[in-house]
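J.: Before I ask anything, here is the structure I am working with.
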Amino acid sequence: MRTAAIKLLLFLLCLLPFLHLLWDAFNGNLGANPVEALTHRSGDWTLRMLLITLAVTPLRRTTGFSLLRHRRMLGLFSFFYATVHLTIYVWIDQVFLWDEIVADIIKRPYITVGFTALMILLPLAVTSTRGMQRRLGKRWKSLHKGAYIAAALACLHFLWLTRADTLEPYIYIAVSTVLMLLRLKREQILGFFRR
Ligand code: HEM
């Protein structure tokens, strides 16, 4: 019962930024450039949800507090926000001009890495079920390490698209780096320095 209640609470919390975005969109609260606001807010939440998902294991290791049962949902929320982000770009920003979209993906490095990050998240979302986990066995774990690569590419995407103040992307880069280091086993880190 307690687990179900926590799951519901987490679900609602993860959905809140999306509902807030919808609310602001329908009430004209998106400022002078609504398309930019939609793209940025959905992009921010994709990255935040991805990092929250990656924080589950280090959080359990360092504090004993475990959200492991809910990690799948958190990861799927990251994919959900990525899909919203892409939909806004394809539909509202580029109005389905496929030639422009393909040219952007090929020619603009920040779009290329963002798109690659999304392409990495796609198989992770598809194989996130218990059945797939069982079927893929050890390969499932290796595949899902791709989430770290997606996070690194997403940070690069953010850094490369930021023209002026780069503090925010650097904060995300720092958080991702700490999460990756915490993920490595202590022995691996000590082994690296002993070499
Ligand atoms: C996992 C995948 C992705 C993540 C985590 C992500 C994250 C972000 C973030 C954090 C921002 C900046 C938000 C801000 O400035 O506050 C952003 C902006 C943006 N993203 Fe993504 N993104 C991803 C994939 C994509 C894809 C696939 C596309 C398009 C094909 C895309 C297109 C854009 C555009 C056009 C902007 C705004 C650029 C600007 O205003 O100059 N992103 N994204």
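The values are calculated or read from the model by the stated rules, or taken from the named source; none is laboratory data. All figures in this text were calculated on a predicted structure; none of them were measured in a lab. Please note: Cβ atoms are built from the backbone with ideal geometry, for glycine as well, and neighbour counts cover all protein chains shown. Areas reflect the complete protein model, heavy atoms only, side chains present, ligands, DNA and RNA absent. Shrake-Rupley method; radii C 1.70, N 1.55, O 1.52, S 1.80 Å.
J.: Considering only region 49-66, how many residues are away from the ligand (no atom under 16 Å from the Cβ) and either in a helix (DSSP H, G or I) or open to solvent by 80 Å² or more (accessible area, probe 1.4 Å) (or both)?
T.: Step one: of region 49-66, the residues away from the ligand (no atom under 16 Å from the Cβ) are 56-66.
Restricting the remaining residues to those that are either in a helix (DSSP H, G or I) or open to solvent by 80 Å² or more (accessible area, probe 1.4 Å) (or both) gives 56-63, 65.
Adding up the residues that qualify gives 9.
J.: Tell me the helices (runs of 4 or more DSSP H) entirely within region 105-195 that contain at least 2 residues that are within 12 Å of the ligand (Cβ to nearest atom).
T.: Numbers: elements: 109-126, 130-136, 138-144, 146-161, 167-183, 186-194.
Qualifying helices (runs of 4 or more DSSP H): 109-126, 146-161, 167-183.
J.: Also: Of the residues THR87, THR46, which single one is of a type in the set (Ser, Thr, Tyr), within 22 Å of TRP160 (Cβ to Cβ) and near the ligand (Cβ under 7 Å from one of its atoms)?
T.: Values: THR87 fails: near the ligand (Cβ under 7 Å from one of its atoms).
When all the criteria are applied, what remains is THR46.
J.: If you scan region 7-44, which residues turn out to be assigned to a helix (DSSP H, G or I) and in contact with a Leu (Cβ under 8 Å, 6 or more places away or on another chain)?
T.: Of the residues in region 7-44, the ones assigned to a helix (DSSP H, G or I) are 7-26, 34-44.
LEU10, CYS14, LEU21, ASP24, ALA25, ALA37, LEU38, ARG41, SER42, listed by residue number.
J.: Please enumerate the residues belonging to region 137-165 that are surrounded by 13 or more Cβ atoms within 10 Å (Cβ to Cβ) and free of Cβ contacts under 8 Å to residues at least 12 places away in the same chain.
T.: Within region 137-165, just THR162 meets the criteria.
J.: Kindly list the number of the only condition in (1) under 20 Å from the mean Cα position of the chain (by Cα); (2) open to solvent by 60 Å² or more (accessible area, probe 1.4 Å) that fails for PRO17.
T.: Of everything listed in (1) under 20 Å from the mean Cα position of the chain (by Cα); (2) open to solvent by 60 Å² or more (accessible area, probe 1.4 Å), PRO17 misses just condition (2).
J.: Could you count how many residues in region 67-81 are open to solvent by 30 Å² or more (accessible area, probe 1.4 Å) and within 16 Å of the ligand (Cβ to nearest atom)?
T.: Here the count works out to 3.
This table checks each residue for (1) in contact with an Asp or Glu (Cβ under 6 Å, 6 or more places away or on another chain); (2) charged (D, E, K, R).
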{"site": "GLN94", "(1), (2)": "yes, no"}
{"site": "VAL102", "(1), (2)": "no, no"}
{"site": "LYS107", "(1), (2)": "no, yes"}
{"site": "THR116", "(1), (2)": "no, no"}
{"site": "ARG139", "(1), (2)": "no, yes"}
{"site": "HIS144", "(1), (2)": "no, no"}
{"site": "LEU153", "(1), (2)": "no, no"}
{"site": "PRO169", "(1), (2)": "no, no"}
{"site": "LEU182", "(1), (2)": "no, no"}
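J.: Please tell me if TRP98 is open to solvent by 90 Å² or more (accessible area, probe 1.4 Å) and at pLDDT 95 or above.
T.: Details: open to solvent by 90 Å² or more (accessible area, probe 1.4 Å): yes; at pLDDT 95 or above: yes.
Taking the combined requirement at face value, the residue satisfies it.
J.: Sticking with this structure for a sec: How many of the residues making up region 20-43 are more than 17 Å from THR83 (Cβ to Cβ), near the ligand (Cβ under 10 Å from one of its atoms) and open to solvent by 60 Å² or more (accessible area, probe 1.4 Å)?
T.: Here the count works out to 2.
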